[in-house]
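The values are calculated or read from the model by the stated rules, or taken from the named source; none is laboratory data. Remember, predicted model here, so these are calculated numbers, not experimental data. Note: ideal-geometry Cβ built from the backbone for every residue, glycine included; neighbour counts use all protein chains shown.
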């Protein structure tokens, strides 16, 4: 097994598990509460993390193949997130935690399949002004970091 890809996968799994454990401890009122500034419900944000994992992995795999990521901008992401929030406003904790479990396991498996030379591929990425970025950076900045980022925001908002 590739040491680097396994380490990335383990960090993703640890973040997803931490987010799932915390989310599982929330009351229904906390699950339904809205995050300051963001406006989305806590449960919707946890569901967001779970639901975008396949997209984040797909973008990293594009880079791993030596292909650029085109057409992905922060405006596109904000629109996607707003649409997700509307469509999933009433999402349940049980369904969300199951989706997080499934998608984080699939993401970790996909990461473990990457070789060092794929992690080192650095095509351009439209999300970052067409800067040449490595597949590993894309994984770390998105799929791996995502659970940790939103967990910290939710904890801070709920003061838990």
Pairs, first at pLDDT below 95 in region 143-160, second assigned to a helix (DSSP H, G or I) and surrounded by 14 or more Cβ atoms within 10 Å (Cβ to Cβ), C-beta under 9 Å, six or more apart: 160/22; 160/30; 160/154
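Being in a helix (DSSP H, G or I), crowded, with 16+ Cβ neighbours inside 10 Å and at pLDDT 95 or above is true for just one of 11, 101. Which residue is that?
Details: 101 fails: crowded, with 16+ Cβ neighbours inside 10 Å.
Selected residue: 11, the only one of 11, 101 that is in a helix (DSSP H, G or I), crowded, with 16+ Cβ neighbours inside 10 Å and at pLDDT 95 or above.
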Residue, surrounded by the most Cβ atoms within 10 Å (Cβ to Cβ), within region 67-88, restricted to residues that are farther than 25 Å from residue 33 by Cα and touching a residue at least 12 places away in the same chain (Cβ under 8 Å): 69
Some residue of region 27-44 being under 30 Å from residue 117 (Cα atoms), in contact (Cβ under 8 Å) with a residue 24 or more places away in the chain, touching a helix residue (DSSP H, G or I) at 6+ places or on another chain (Cβ under 8 Å) and surrounded by 12 or more Cβ atoms within 10 Å (Cβ to Cβ): no
Filtered residues of region 114-129 (kept if exposed (fewer than 14 other Cβ atoms within 10 Å of the Cβ) and either touching a residue at least 40 places away in the same chain (Cβ under 8 Å) or under 15 Å from the mean Cα position of the chain (by Cα) (or both)): 115, 116
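Filtering region 4-16 down to residues that are in contact (Cβ under 8 Å) with a residue 12 or more places away in the chain and within 16 Å of the chain's Cα centre (by Cα), which residue is nearest to residue 95 (Cα to Cα)?
Of all residues in region 4-16, those in contact (Cβ under 8 Å) with a residue 12 or more places away in the chain come to 4-6, 8-13, 15-16.
Going one step further and asking which of them are within 16 Å of the chain's Cα centre (by Cα), we end up with 8-13, 15-16.
Details: 8: 26, 9: 23, 10: 23, 11: 23, 12: 20, 13: 18, 15: 18, 16: 15 Å.
Among them, the one singled out is 16.
I'd like to check something: does region 59-66 contain any residue that is modelled with pLDDT of 95 or more, out of contact with any strand residue (DSSP E or B) (no Cβ under 8 Å at 6 or more places or on another chain) and surrounded by fewer than 16 Cβ atoms within 10 Å (Cβ to Cβ)? Let's see the steps before the verdict.
Looking only at region 59-66, we keep the residues that are modelled with pLDDT of 95 or more, and these are 59-66.
Narrowing further to those that are out of contact with any strand residue (DSSP E or B) (no Cβ under 8 Å at 6 or more places or on another chain): 60-61, 64-66.
Retained after the next criterion (residues that are surrounded by fewer than 16 Cβ atoms within 10 Å (Cβ to Cβ)): 65-66.
Within region 59-66 (the criterion being modelled with pLDDT of 95 or more, out of contact with any strand residue (DSSP E or B) (no Cβ under 8 Å at 6 or more places or on another chain) and surrounded by fewer than 16 Cβ atoms within 10 Å (Cβ to Cβ)), the answer is yes, since at least one residue qualifies.
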Selected residue (criterion: nearest to residue 26 (Cα to Cα)) from residues of region 89-98 that are without any contact (Cβ under 8 Å) to a residue 40 or more places away in the chain and either more than 18 Å from the chain's Cα centre (by Cα) or surrounded by 18 or more Cβ atoms within 10 Å (Cβ to Cβ) (or both): 94
